[in-house]
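The structure appears right after this line, and notes come after that.
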Amino acid sequence: TGLVTYDPGFANTASCASEITYIDGDAGVLRYRGYPIDQLANGSTFIETSYLLIYGELPTAQQLGEFEDKIRRHTLLHEDLKRFFDGFPRDAHPMPVLSSAVSALSTFYQDSHNPFDAEQVELSTVRLLAKLPTIAAYAYKKSVGQPFLYPDNSLGLVENFLRMTFGLPAEPYEPDPVIVRALDMLFVLHADHEQNCSTSTVRLVGSSQANLFASVSAGINALFGPLHGGANQSVLEMLESIRHSGGDVGSFVQKVKAREAGVKLMGFGHRVYKNYDPRAAIVKKTADEILTGLGKRDDLLDIALELEGVALSDDYFIERKLYPNVDFYTGLLYRAMGFPTKMFTVLFAIGRLPGWIAQWHEMINDPQTKIGRPRQLYTGPGEREFVPVGKR
Ligand code: CMC
């Protein structure tokens, strides 16, 4: 049977070779297709970065225009898929609503089932990029009991998403350009992160030759967990609970160190970064600027800044090389933009989508790909004799 390596959490296992994203966790470096994350965050847009991740090169102006047009043509959801939202309870968390609706896309696009049909894969790619923001906005509308708005395809992806989320049918909606730019940049920061839990899930599901919708739906469910994308929601809840108990940051940190009832400093630590997460550095700076710019500077930012300061000068965190990760400051920005806490991880999912798609494409086209099938160390009982129920 050969030698089996025991590697819990795959901490030391490279499951694939990839040309997409490079991380140097000790130096705090992140690049998509060779381009440093800060250059993309400042100079690129989410659509352009999506193109880069999926097709490997930055688009020319013409390629970019064509790509945007293609996406615009597919933003609408089938009326039957819209009705799908009626079946969920009103207070449903939008993440499982999102994954269910994405999974349901497989039933609407039965032409998507052959992962080796490049033309159909391209169509599924565009459909996903176009429809996920619409699905996300409808998950929000459902939760607040407001009518769904059809996409307005004269708008860009982020403006359209904001309008479908916060707009009302009879009222004109003008998204604040500061919010549009900040959200676009946050999507760029989330767009890929090599073999994280959700991306590995997308690849693993896809390795059985399941289609793109099924694979991405599984990725969304993996992202839902609080140790992964769900951390952005948990961070805000943590900051609120610290404020609620009088803003005593020091005693909260003591609880974390004492490992009281599994309390963790959410938004801290990372499997790969043993230095400041470069995305967190950009988000922190932006949060400070935007919150002040929008006149929405709130005391939760002050609690977060104090918490970071206390943690980074404490031996527990220093010894373990625990730094803020991308989720530590994003929630403060999403909140200032008007999103409820439950929507935070949905925003992460919209951002991560091009990465999942790019990794799925790479996986399906890689001749080295085999079905993902880890081994185990069996630790159960040896052979025993079956005893019928009447004799037990
Ligand atoms: N608070 C307190 N202690 C921590 C934390 C934390 N946030 N993170 C790690 N540690 C401790 C951990 O208890 C362990 O200590 P010891 O060696 O004494 O047992 C040590 O640091 C090493 O941690 P680990 O759990 O072995 O590290 P991991 O690579 O398995 O886990 C992680 C990485 C991100 C799941 C973890 O750091 C964590 O749970 N962080 C909080 C949740 C979070 O912010 N997740 C977002 C991750 S970044 C983007 C994303 O995926 O969304």
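Quick check on segment 301-364: take the gyration tensor over C-alpha atoms, sort the square-rooted eigenvalues as a ≥ b ≥ c, and tell me if it's rounded (a/c under 1.5), prolate or oblate. Let's see the in-between values first.
Working: a/c = 4.63, a/b = 1.45, b/c = 3.19.
It comes out oblate by the Cα gyration axes.
Taking the Cα centre as origin and putting +1 on Lys and Arg beta-carbons and -1 on Asp and Glu beta-carbons, what dipole magnitude results for segment 231-336, to the nearest 20 debye? Mind dumping the intermediate values first?
On the way: 15 positive and 16 negative charges, 82 e Å.
Charge dipole of segment 231-336: 400 debye, to the nearest 20.
Between Y378 and V4, what length in nm is gained on full extension when 0.36 nm per residue of separation is reduced by their alpha carbon distance? Don't skip to the answer; put the middle values down first.
Working: separation 374, 0.36 × 374 = 134.64 nm, distance 1.14 nm.
Working it through step by step, the gained length comes to 133.5 nm.
Counting 0.36 nm for each residue step from T292 to D117 and taking away their Cα separation leaves a gain of 58.1 nm. Name the lysines eligible as straight-distance cross-link partners of K82: C-alpha to C-alpha under 17 Å, and not fewer than 8 places from it in the same chain. Once the sequence-local lysines are set aside, what remains near K82 is K131, K141, K142. Each label point was placed 7 Å from the Cα along the Cα-to-Cβ direction; for A11 and Q254 their separation is 3.0 nm.
Amide H contacts of F268 (H built 1.01 Å from N, in plane; Pro and chain starts excluded): N325 sit under 5 Å, all sequence-distant by 5 or more or on other chains. Just to be sure I follow the rule: in segment 231-336, considering lysines 8 or more places apart or on different chains, how many pairs have Cα atoms under 20 Å apart? Value for segment 231-336: 11. Reported to the nearest whole Å, the Cα centre-to-centre distance from segment 218-292 to segment 35-96 is 26. Once the other residues with Cβ under 10 Å from the Cβ of R279 are scored (Lys, Arg +1; Asp, Glu -1), what is the net sum? After counting each charged neighbour, the total is -2. The alpha-carbon atoms of the chain, seen along their principal axes, cover 72, 56, 51 angstrom, with the largest extent given first. Phi-derived couplings, Karplus 6.51 cos²θ - 1.76 cosθ + 1.60 at θ = phi - 60°, listed residue by residue for segment 291-303: 4, 5, x, 7, x, 10, 5, 10, 5, 5, 5, 5, 5 Hz, with x used for Gly and Pro. All Cα-Cα distances of segment 22-66, cut into 5 Å bins from zero to the largest, leave 5, 21, 31, 21, 12, 6, 3, 1 percent in each bin in turn.
Please report the base-10 log of the normalised intensity I(q)/I(0) for segment 246-392, using a Debye sum with one equal scatterer per alpha carbon and no solvent, at each q in 0.13, 0.16 (1/Å). The calculated log intensity ratios at q = 0.13, 0.16 Å⁻¹ are -0.79, -1.00. Taking one quarter of the surface of the convex hull spanned by the alpha-carbon atoms of segment 236-291 gives a direction-averaged projected area of 5.0 nm². A helix-only calculation puts the chain at -17000 deg cm²/dmol for mean residue ellipticity at 222 nm, using -39500 (n - 2.57) for each DSSP H run of at least four residues, averaged over all residues.
Applying 1/(1 + (r/R0)^6) with R0 = 25 Å to the Cβ-Cβ distance of E57 and A27 gives a FRET efficiency near 0.50.
Pair-distance distribution of segment 73-228: all C-alpha pairs, bin width 10 Å, starting at 0; shares per bin in whole percent are 10, 36, 39, 14, 1. Among the GluC sites (Glu not before Pro) in segment 299-392, those located in a DSSP loop and surrounded by at most 16 other Cβ atoms within 10 Å of their own Cβ are E383, E385.
According to the square roots a ≥ b ≥ c of the eigenvalues of the Cα gyration tensor, what is the shape class of segment 175-288, taking rounded for a/c under 1.5, prolate for a/b larger than b/c otherwise, and oblate for the remainder? Mind dumping the intermediate values first?
On the way: a/c = 2.18, a/b = 1.41, b/c = 1.55.
It comes out oblate by the Cα gyration axes.
Place a +1 charge on the Cβ of each Lys and Arg in the chain and a -1 charge on the Cβ of each Asp and Glu, then give the dipole magnitude about the Cα centre in debye, rounded to the nearest 20. Before the final figure, lay out each step's value.
Working: 38 positive and 46 negative charges, 245 e Å.
Roughly 1180 debye, rounded to the nearest 20.
Per the Debye formula with a single identical scatterer at each Cα and no solvent contribution, what log10 I(q)/I(0) holds for segment 94-181 at q = 0.21, 0.26 Å⁻¹? Reported log10 I(q)/I(0), two decimals: -1.03, -1.27. Highest mean packing comes first when the peptides 334-341, 205-212, 81-88 are listed by Cβ atoms within 10 Å, giving 205-212, 334-341, 81-88.
Packing-based ranking of 9-15, 132-138 yields 132-138, 9-15, ordered from highest to lowest mean Cβ neighbour count within 10 Å.
Comparing mean-square fluctuations of V144, V180, V97 from a GNM of the chain with C-alpha springs under 10 Å, the top value falls on V144.
Once the Cα-Cα distance is subtracted from the 0.36 nm per residue extended length, the E66 to K274 segment shows a gain of 70.9 nm.
Where a number appears in this text, it was derived from the coordinates with a stated rule and is not lab data. All values reported here derive from a predicted model rather than from experimental measurement. Backbone-built Cβ (ideal geometry, glycine too); neighbour counts: all protein chains shown.
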